[in-house]
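See structure below.
The values are calculated or read from the model by the stated rules, or taken from the named source; none is laboratory data. Bear in mind that the values here come from a model prediction, so they are computed numbers and not experimental data. Neighbour counts run over all protein chains shown; Cβ positions are idealised from the backbone, glycine included.
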Amino acid sequence: MTSNRTISITILLAAFIVAGSIWTRPAMGTKTLSTGQGEIGVVDIYNLVDIYIMSDEASQERSEFEAASGAAISTYEQQLGAIQTQMSTMSQDDPQAATLYNQYQQINQAIQQTTNKINADYQTLLATQIANAYKTIHAATNEVSAEQGYTFVLATRRGADLVQTTTLTGVTQEILARPLVTPPDAVDLTDAIRVHLGLPTMEEITAKIEAEQKANEEAAAAQQAAIQAALEASKAEASEDDAQQDEHE
């Protein structure tokens, strides 16, 4: 499994149309609440969920899961390596070869089963994080909208620029995420809710990820340069030793 996963929540959350406080007429009631009786606000809950699960706490939880999963697979891979090494020293008619081969097959099967479980558990972890994010943002939306005097808060993505445009499903879900087409900037509560939750901006998250990737690339390049320098030094030392030996001869 890869240690770095790219996460897009838009598709998973396309069914969420309403966030925050929504007033409805009681089943046995006789009065309705019109838009003239309260202010209408909007929130891009999809963007906020993206930010929430890409924040440090959620990212750390996924990183810990991936580290533990990688360690489990690594143990099996080490066992396979040991068997391969042992089998490479055996002749084809060695009576232990068949036993080792059976062990090799069993470990391979265990790796597949473990990988399947890891993938399923990761999907469960991600789904749980998304559900918790929605619940937290829903509560924050109620708090902010109440503080600012909004009676209605609708979940919507702003603008007509769709993110998922390569498949029919993606385009449909992008459109469903925009039930309110042209909300004015003044009623957009998204950033206020983000600040209320103490979350960074998407730009800050992107910049951090890019900085970490750059740092990793620079560290890898420095390590490779150090290895290359050590090899060159070893070659030079070997050449010098050979030259000295030739002189003595």
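The lone criterion from (1) under 18 Å from Asn47 (Cβ atoms); (2) free of Cβ contacts under 8 Å to residues at least 60 places away in the same chain left unmet by Ile130 is number (2). Only one entry of Ser59, Ser91, Ser63, Ser74 meets the criterion of being free of Cβ contacts under 8 Å to residues at least 12 places away in the same chain, within 30 Å of Glu203 (Cβ to Cβ) and among the small types (Gly, Ala, Ser), and that entry is Ser59. Would it be correct to say that Ile209 is part of a helix (DSSP H, G or I), within 21 Å of Ser55 (Cα to Cα) and in contact with a helix residue (DSSP H, G or I) (Cβ under 6 Å, 6 or more places away or on another chain)? Considered against the rule, which asks whether it is part of a helix (DSSP H, G or I), within 21 Å of Ser55 (Cα to Cα) and in contact with a helix residue (DSSP H, G or I) (Cβ under 6 Å, 6 or more places away or on another chain), Ile209 comes out as no. The single condition among (1) surrounded by 12 or more Cβ atoms within 10 Å (Cβ to Cβ); (2) of a type in the set (D, E, K, R); (3) not in a helix (DSSP H, G or I) that Asp93 does not satisfy is (1).
Looking across segment 129-171, the residues that are modelled with pLDDT of 90 or more and charged (D, E, K, R) come down to Lys135, Glu143, Glu147.
Residues that are modelled with pLDDT of 50 or more, assigned by TED's automatic domain parsing to the domain that holds Ala127, under 22 Å from Gln112 (Cβ atoms) and among the hydroxyl-bearing types (Ser, Thr, Tyr) do not occur anywhere in segment 43-53. Lys135 meets the conditions (1) of a type in the set (D, E, K, R); (2) assigned to a helix (DSSP H, G or I); (3) in contact with a Lys or Arg (Cβ under 8 Å, 6 or more places away or on another chain) in every case but one. The failed one is (3).
For segment 173-205, give me each residue that is in a helix (DSSP H, G or I) and without any contact (Cβ under 8 Å) to a residue 60 or more places away in the chain.
Kept after step one, since they are in a helix (DSSP H, G or I), are these residues of segment 173-205: 173-176, 185-187, 190-197, 202-205.
Once the filter is applied, which keeps residues that are in a helix (DSSP H, G or I) and without any contact (Cβ under 8 Å) to a residue 60 or more places away in the chain, segment 173-205 yields Ile175, Asp185, Ala186, Asp191, Ala192, Val195, His196, Glu203, Glu204.
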